[in-house]
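A short worksheet on the structure shown next.
The values are calculated or read from the model by the stated rules, or taken from the named source; none is laboratory data. Here the structure is a predicted model, which is why all the values come from computation and not from measurement. Here the Cβ positions follow ideal geometry from the backbone for every residue, glycine too, while neighbour counts run over all protein chains shown. To get the accessible areas, we keep the full protein, side chains included, count just its heavy atoms, and leave off ligands, DNA and RNA. Shrake-Rupley method; radii C 1.70, N 1.55, O 1.52, S 1.80 Å.
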Amino acid sequence: MIDRSKVVEAAWKALEDSIISYQGSPVGTLAATDKEVVALNYDQCFTRDFAVSAIALLMKGKVEIVRNFLIVTLELQSREKQMDCFVAGQGLMPASFKVVSENGKESLEADFGEKAIARVAPIDSGFWWLFVLRAYVKATGDIAFAHEAKFQHGIRLILDLFLTTRLEMFPTVLVPDGSFMIDRRMGVNGHPLDLQTLFYAALRAAGELLVADGEDDTYVKAVRERTGHLAFHIRFYYWLNLEHLNEIYRYKVEEFGETAINKFNIYPDTIPDWLIQWLPEDGGYFAGNLGPALMDFRFFAQGNLMAIIASLASQEQSQAIMELIEQRWESLVGSMPMKLCFPAVEGRDWQLITGSDPKNIPWSYHNGGSWPFLLWELAGAAQKTGRTELAETALDIAAQRLVKDEWPEYYDAKNGRLIGKEARKFQTWTIAGFLAAQELLENPKNLELISFDEDFNVISCSTK
Ligand code: GLC
């Protein structure tokens, strides 16, 4: 057995090595510092990746870099983001940025998706930014920082993007494929769980940080209202356990009118065979996506874990998710915590869903690969539900390999035994995810930085 404390030591050193400075101050971390492959955009600071670094750093009391990151990204937010002639919404936060130096003068160059592979929209960036801002305030107690006019303006710009009137029937956010951590085509368009749970956490963060502009502040009201509706919608309609699966199996279809039970017109034939065997008696999880005649039955780790951390899941549901992880440990954790998504799509499904993406072949990368950065969310969810033994075991498993394998971005194969085919080494959020998990387990008080209490607004909503 490798001594975990030695791995922790190596991880802090590796995280330090990824820090970038702008005008003499630390402002972020590079996505990866692998010197053996072409950097592409991995030499940039990604908002979603930095969120994990920020959590680890804040838990260690290193607050300055996080403060600087929040300031520089806020400045980038209001820049014009143009692709061809189209100008994207003002509230968008950058997917990533880098420091460029010309004639001894430094400046920041951001990507809002207009340079990204396949031009994917970084819809999650603003959500992560709010999450980090709130964690910073929790860690430092410096609420005055978030109350500064420029921050209040930034928060409202983000909310403008998501809370304005839309052509939609649901409280969830409608997004194109690849608009979050899974930034490639993977059948995660529509209303993917990962993004909805993050949206929920961001709304909760905004609710805490906004200074009400009078009693009738429309933003404060809208946040309050949407949080409740969103939680009800996810808790009730996305939830999958054996009882609910039985209901879906016997659903009537083509129901019209207000009394419809099968509201989304899910056809029972779409229940995949694997699920019927796989779902344990007393575990459950939120489905990956929901829309007209669509229920994506795949398990997505980030969405389910964040649902626990943000109290989007009821306490009963949170316990059921952890129970599922324990009982289906081989599928979801195996040799490396943990599967981003389970199971992989294969064959003709893979061709149609991913567009025959060679990077997302079955059991690799986003398509059933194992991502150690998820450790921090696993530890947070475990801490919150009193199941820390699961996170301890997961961390021990990861510690046996991460240093030796040089902190890979992801692992491949059904059980996660292979280093990812195209995985970067020295991937920063692998390092930071491990560290944040360690900090969470060592000092349970750290959970306050990332978790949200039950919102009594939704408590009366029934959960099946
Ligand atoms: C990959 C991941 C994305 C991450 C980026 C940088 O593109 O899919 O989620 O932000 O790498 O690490």
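General remarks:
- If you wrap the tightest convex hull around every Cα atom of region 1-142 and split its volume per residue, you get 149 Å³.
- In the context of the full set of protein chains, region 4-462 has a per residue accessible area of 41 Å² (1.4 Å probe).
- Over the chain: Rg over Rh, Cα atoms, Kirkwood Rh: 0.94
- Think of the chain as having a plus end and a minus end, set by charges on the Cβ of Lys, Arg, Asp and Glu; of Ala437, Ile308, Gly228, Ala437 sits farthest toward the positive end of this dipole.
- Measuring with a 1.4 angstrom probe and ignoring ligands and nucleic acids, Ser5 comes out at about 70 Å² accessible.
- Backbone geometry of region 11-26 corresponds, through the Karplus equation with coefficients 6.51, -1.76 and 1.60 at θ = phi - 60°, to 3J(HN,Hα) couplings of 5, 4, 5, 5, 5, 4, 5, 8, 6, 10, 10, 9, 6, x, 10, x Hz, x marking Gly and Pro.
- Length-normalised contact order for the chain - Cα pairs under 8 Å, 6+ apart - percent: 17
- Distance violations [Cα-Cα > 18 Å] among Lys60/Lys445; Lys339/Lys359; Lys35/Lys359; Lys404/Lys425; Lys13/Lys62: Lys35/Lys359
- Cα-based shape type of region 62-199, given that a ≥ b ≥ c are square roots of the gyration tensor eigenvalues and the cut on a/c is 1.5: oblate
- Accessible heavy-atom area order of Arg184, Arg79, Arg298, Arg417, highest first, probe of 1.4 Å: Arg417, Arg79, Arg184, Arg298
- Selection of trypsin sites (Lys or Arg not before Pro), region 1-56, meeting DSSP coil and at most 15 other Cβ within 10 Å: Lys35
- Region 246-381, accessible surface, carbon-and-sulfur percent (1.4 angstrom probe): 51
- Computed accessible area, Ile182, all protein chains, 1.4 angstrom probe, square angstrom: 0
- Dipole in debye (nearest 20) - the chain, about Cα centre, beta carbon charges: Lys, Arg +1; Asp, Glu -1: 480
- Area accessible to solvent at His147, 1.4 Å probe radius, in Å²: 80
- Distant-in-sequence amide H partners of Ala32 (H built 1.01 Å from N, under 5 Å): Gln44, Thr428
- Euclidean distance between Cα centres, region 61-75 to region 194-241, Å: 25
- From helices alone, the chain scores -13000 deg cm²/dmol at 222 nm; the rule is -39500 (n - 2.57) for each run of n ≥ 4 DSSP H residues, then divide by the residue total.
- Positive-end ranking of Leu92, Val173, Asn241 along the dipole of region 4-462, with charges on Cβ about the Cα centre, is headed by Leu92.
- Computed on protein heavy atoms with a 1.4 Å probe, the accessible areas place Phe69, Phe162 in the order Phe162, Phe69, largest first.
- Accessible area, probe 1.4 Å, largest first, for residues Phe170, Phe232: Phe232, Phe170
- Placing unit charges on each Cβ (+1 for Lys and Arg, -1 for Asp and Glu) gives the chain a dipole about its Cα centre, and among Ala398, Ser318, Ala39 the Cα reaching farthest toward its positive end belongs to Ala39.
- Along the chain, longest interval not containing exposed GluC sites (Glu not before Pro), exposed being DSSP loop plus at most 14 other Cβ atoms within 10 Å: 347-421
- Inter-part distance where region 159-185 and region 348-382 are each reduced to a Cα centre, Å: 21
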